[in-house]
Amino acid sequence: MNRPMTQRDLLYSGVEEDLRSTVRKLLCDRSGPAAVLARCESAEPYDLGLWRIMTAELGLAGLLVPEQFGGAGASVREAAVVAEELGRSVAPVPFLGSSVLATSALLSCLAPAEPASRSQPAEPASRSQLHALLTALATGERTATLAVPLSTPPDAAFPGSVRAQDGTLHGRITSVVDLDVADAMLIPAHDDTGPALYTVDLPATGARLDPVLPLDLTRRITDLTLDGTPAHRVVAGPEAVTALRTALTAGAGLLASEQLGLAEWCLDAAVDFTRTRYQFGRPIGSFQALKHRMADVWAEVTSARAVARAAADALATGDDDAPVLVAVAGAHCSDVAVHAAEECLQLHGGIGMTWEHPVHLYLARAKTSQIALGTPDRHRAMLSVLVDLPST
Amino acid sequence: MSGTVTADDLRSRVADLLAAHNPAEITRWEFLRARFDAGLAWVHYPVGLGGLDAPRALQQAVDEELAGAGAPDNNPRLNVIGLGMAGPTILRFGTPVQQQRLLRPLWTGEEIWCQLFSEPGAGSDLAALSTRAVRDGDCWVVDGQKVWTSLAHRARWALLVARTDPNVPKHDGLTYFVLDMEQPGVEVRPLRQITGEAEFNEVFLTGARIPDRARLGEVGEGWRVALTTLMNERVAIGGAAAPRESGVIGLVAHTWRERPELRSPGLHDRLLRLWVAAEGARLTAERSRQQLSVGNPGPEGSASKLAFATLNQTASGLEMELLGEEALRYDDWTTRRPVEADFLGRGPGYRYLRAKGNSIEGGTSEVLRNIIAERILRLPTEPRTDKDLPWKELPR
């Protein structure tokens, strides 16, 4: 790698720390482990009251959105801090689907087309509609999602499961995140011209939503069937491909920060428990066989923090190196989160296997988010191409 | 302690230094001494001791400006113990007379330092060391054996911890000295290690003498002084961000790219995992550096040391398997005495063997995990049987 790399800011600014303490306080008050556990099997698995405060009062849904569209004009760096705190609390809110995936895709659609490309920028008629949707997402008035399986990696081929014909959509997309509470969808589809992105407002004719019983009860997925659903085309051709990839890359990068927050909670919980749990006449955290495992998790979390920050900073500055750092984060942070959650459970012993203890929520979130937006293996395969280490 | 010195002040002081002492016209030592006297050696040190009471973060700009002007540096890699450990310890515990005598030649590199801490019977349990120092009038007489001493064969001075009272618990009976290495009671022997070379030494002390004025800190206070030395062990000497693919991963990636015939699916997966781990470790070290530069050293240093050991061991093992038959050969078994290990310049077999020391030297990975668990995570300590017994009654 001969290209010199820009100096990346891997620390948290004062503003970012202030944002963190505001979000953490809110989540501690409104969405502690007991509250999340109680809600996860209820008729309202999403905490829309909490989401309203996060969006309408704190403007957290619009961090990625420029001020001209009603957003906060912040960046992925700030969104990453929010993602960390959401991971720490496994709060059931549609931040990933609406504020990250759908919002990033919309922003990419609205970005000025490069003059040299033979792409088709967002069609003028739809531009004002897109602006309106983006503003509504930024303020939290509306909620949207990107209709792809949650497991889709950033380098996936443009999905071919939905066909567009005469302004209506036909097809099926499984495991769409946060669709449960969305009132709009961005749908990748193929029409006569090739790949394109469409929007659909919900509820919509011919759109059937089948909620899935998810392993992670704090993050819902839904199977979507479209049978002649009227839709608006937003962009087509390379612009559509770019918008999808941009959204998935931002999603994968921010998921790493969520995984960091999750791993931090798991480590804290394990340390707190083993300090006060007595067996053999001493706190079990005094045994080296146990404390060394927590030290290893601490070292992993420490490296995950540097890696997640690097990905967020590169995404925020639009650095060419962002795809590499996102792939590193996707490969590294999800394994760290799974390891932290698995160790947390084991170090709790029997209580960790009970429904009553919230560690299973973190384990399920960690394991499913390892698969979300590209498995570690898939991210390593992306790196293999990006950094020129081919398999054969 | 940071005064009111600004980056602009330093720039003009650098200009004054260069104007008054043209590096092209004087010897290296003359220039370095002048730089020390101008307070531009280590700007965060006090005035008169090579510094200006300035913020540490300003040092890098001074170094760069002087390097840009073609001025010689003090070759910090040759005197790592002196600069990294002896300097801070003398600054904290030395008398004004000791500081005046020792710090200038230490910084310029005219006097090399080594550290006489570890012993055959005291590795991880350093406080159990048994080298004895017995008072004899104005002097101390020292007998014992030290081990794993880098630079001992070149050192003018040594940092020494010795037992001055065997009748109290081990941490309370130690005293810290500066030992003159150039005397008959000091014998330095190379210590050949598994790589064939001898980076380190054994040091035998037989009736070595130390004047009492070369004591650092009070009698019996040696453990506290030693902790200061050890805490400075991992503070980097300046340093810029390491580029991507630094270290063994760079060699392995290069071989992978240049030699397609060596590739296999299993090795490919391991290579990519290693690449991710190496990039993660690089970013962790970089984040640690950034925290230090804003005056907020984080605990990342311990994480970096732990990760670095594992990484080097994994990478050097993978490198051998990738190279296959070539890795059956070894480059050089002769007993060489390098100032520092030429880790990347030597062959893959050397790297494989040398990397095994990374999880032992400077604190084993197991001790490091205890430190992380107890000091950072605040987990309770193991019950101890050795803390309150007089040293001489400890089982050994």
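The values are calculated or read from the model by the stated rules, or taken from the named source; none is laboratory data. Here the structure is a predicted model, which is why all the values come from computation and not from measurement. As a convention, Cβ positions derive from the backbone with ideal geometry for all residues, glycine included, and neighbour counts pool all protein chains shown.
For this structure, a couple of remarks:
- The single condition among (1) under 26 Å from A:Y278 (Cα atoms); (2) within 14 Å of chain B (Cβ to nearest Cβ) that A:A331 does not meet is (1).
- Here the condition is being assigned to a strand (DSSP E or B) and out of contact with any helix residue (DSSP H, G or I) (no Cβ under 7 Å at 6 or more places or on another chain); of B:Q145, B:Q100, it holds for B:Q145 alone.
- For A:A34, the requirement of being part of a helix (DSSP H, G or I), over 30 Å from A:W355 (Cα atoms) and not β-branched (V, I, T) is not met.
- Residue check for B:A341: within 11 Å of chain A (Cβ to nearest Cβ) and surrounded by 15 or more Cβ atoms within 10 Å (Cβ to Cβ): no
- Test for B:L159: is it within 21 Å of B:A133 (Cα to Cα) and either away from every other protein chain (no Cβ under 14 Å) or modelled with pLDDT under 95 (or both): yes
- Looking only at segment B:161-180, and only at residues there that are hydrophobic (A, V, I, L, M, F, W, C) and surrounded by 22 or more Cβ atoms within 10 Å (Cβ to Cβ), the one that is farthest from B:A214 (Cα to Cα): B:L174
- For segment B:269-288, the tally of residues that are more than 14 Å from A:A331 (Cβ to Cβ), facing another protein chain (nearest Cβ under 7 Å) and either at pLDDT 95 or above or in contact with a Ser or Thr (Cβ under 9 Å, 6 or more places away or on another chain) (or both) stands at 2.
- Within segment A:352-392, the set of residues being under 21 Å from the mean Cα position of the chain (by Cα) and of a type in the set (F, W, Y) comprises A:Y362 only.
- Residues of segment A:353-381 that turn out to be crowded, with 19+ Cβ neighbours inside 10 Å and either at the interface with another protein chain (Cβ under 10 Å from one of its Cβ atoms) or over 25 Å from A:L255 (Cα atoms) (or both), as a count: 4
- Some residue of segment B:316-332 being surrounded by fewer than 14 Cβ atoms within 10 Å (Cβ to Cβ), away from chain A (no Cβ under 14 Å) and in contact (Cβ under 8 Å) with a residue 60 or more places away in the chain: yes
- Qualifying residue in segment A:293-313 (condition: surrounded by fewer than 20 Cβ atoms within 10 Å (Cβ to Cβ) and either in contact with a strand residue (DSSP E or B) (Cβ under 8 Å, 6 or more places away or on another chain) or more than 30 Å from A:V387 (Cα to Cα) (or both)): yes
- When A:T152, A:T145 are checked against the criterion of being in a strand (DSSP E or B) and hydroxyl-bearing (S, T, Y), A:T145 stands alone in meeting it.
- Among the residues listed as B:S304, B:S293, the single one being at pLDDT below 85, within 9 Å of chain A (Cβ to nearest Cβ) and on the phi < 0 side of the Ramachandran plot: B:S304
- Restricting A:M5, A:M1 to those that are touching a Lys or Arg at 6+ places or on another chain (Cβ under 6 Å) and at pLDDT below 95 reduces the list to A:M1.
- Members of segment A:159-180 that are surrounded by 21 or more Cβ atoms within 10 Å (Cβ to Cβ) and under 19 Å from A:T143 (Cα atoms): A:I173, A:V176, A:V177, A:D178, A:L179, A:D180
- Candidate set: segment B:18-36, residues that are assigned to a helix (DSSP H, G or I) and in contact (Cβ under 8 Å) with a residue 24 or more places away in the chain; chosen: the one surrounded by the fewest Cβ atoms within 10 Å (Cβ to Cβ): B:W29
- For beta carbons closer than 7 Å, sequence separation of 6+ or different chains, a first residue in segment A:68-83 that is more than 13 Å from A:T103 (Cα to Cα) and in contact (Cβ under 8 Å) with a residue 40 or more places away in the chain and a second that is buried (at least 24 other Cβ atoms within 10 Å of the Cβ) and among the hydroxyl-bearing types (S, T, Y), the qualifying pairs are A:A80/A:S257; A:A83/A:S257.
- Unique match (being buried (at least 20 other Cβ atoms within 10 Å of the Cβ) and in contact with a strand residue (DSSP E or B) (Cβ under 9 Å, 6 or more places away or on another chain)) among B:W107, B:W157: B:W157
- Checking the stated criteria, A:V297 turns out to be more than 8 Å from every other protein chain (Cβ to nearest Cβ) and either part of a helix (DSSP H, G or I) or over 16 Å from the mean Cα position of the chain (by Cα) (or both).
- Residues in segment B:326-355 that are under 23 Å from B:C114 (Cα atoms) and not β-branched (V, I, T): B:R336, B:R337, B:P338, B:E340, B:A341, B:D342, B:F343, B:R354, B:A355.
- Within segment B:360-376, the set of residues being in a loop (DSSP other than H, G, I, E, B) and either at the interface with chain A (Cβ under 8 Å from one of its Cβ atoms) or of a type in the set (A, V, I, L, M) (or both) comprises B:I360 only.
- Every test in (1) in a loop (DSSP other than H, G, I, E, B); (2) at pLDDT below 95 is passed by B:L49 save one, and that test is (2).
- Matching residues, segment A:300-328, being more than 7 Å from every other protein chain (Cβ to nearest Cβ) and of a type in the set (G, A, S): A:A304, A:A308, A:A311, A:A312, A:A314, A:A316, A:G318, A:A322, A:A327
- Total residues in segment A:274-289, condition surrounded by fewer than 20 Cβ atoms within 10 Å (Cβ to Cβ) and either part of a helix (DSSP H, G or I) or at the interface with another protein chain (Cβ under 8 Å from one of its Cβ atoms) (or both): 8
- Set B:A162, B:A158, B:A133: member being in a strand (DSSP E or B) and farther than 30 Å from B:P76 by Cα: B:A133
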